[in-house]
Ligand code: HEC
């Protein structure tokens with residue numbers, strides 16, 4: 001009887017520990033925002049898949065070409081964040097629709113277009 005109780009307890013603890021470990025391993029992937037996917041979903045239709053704004057919306061709305069080295073050199077990450085929040089001209093404001101993590105991930109994507 002006693003043995004059985006100890007065993008069950010051990011199994012329970014093992015399951016709980018495994019769950020905890022899985023949660024620890026899995027959480028960074030779940031929390032970290034997927035910049036390229038977000039960009040594709042929210043931004044590419046105007047700024048282009050490769051950041052060149054080379055599609056009809058990009059031309060029609062004069063969306064920013066993120067690959068221009070001069071532009072990359074001129075703007076700060078804070079400025080990019082501000083523009084994402086406010087949405088200049090026809091661009092929608094993303095202040096309340098994207099989380100801080102998602103916006104940071106998008107800034108990285110935009111920076112990645114530099115010099116291409
Ligand atoms: C409906 C079209 C559209 C969508 C969607 C869009 N943008 Fe824009 N974006 C524009 C236009 C137009 C501008 C204005 C360019 C300007 O004022 O020089 C702009 C400007 C910007 C600027 C500032 C450029 C500058 O030099 O001032 C940033 C940064 C930016 N967009 C990022 C994004 C990000 C990130 C997303 C997705 C979350 C996004 N945009 C979605 C059309 C769009």
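Read the figures in this text as sums done on the coordinates, not as results from a lab. Everything numeric here is computed off the predicted structure, so don't read it as measured data. We place every Cβ from the backbone using ideal geometry, glycine too, and count neighbours over all the protein chains shown.
Per-structure values
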item	result
Residue, farthest from the ligand (Cβ to nearest atom), within the stretch 43-86, restricted to residues that are assigned to a loop (DSSP other than H, G, I, E, B) and in contact with a helix residue (DSSP H, G or I) (Cβ under 6 Å, 6 or more places away or on another chain)	48
Restricting the stretch 88-103 to residues that are surrounded by fewer than 16 Cβ atoms within 10 Å (Cβ to Cβ) and more than 7 Å from the ligand (Cβ to nearest atom), the residue that is nearest to residue 43 (Cα to Cα)	93
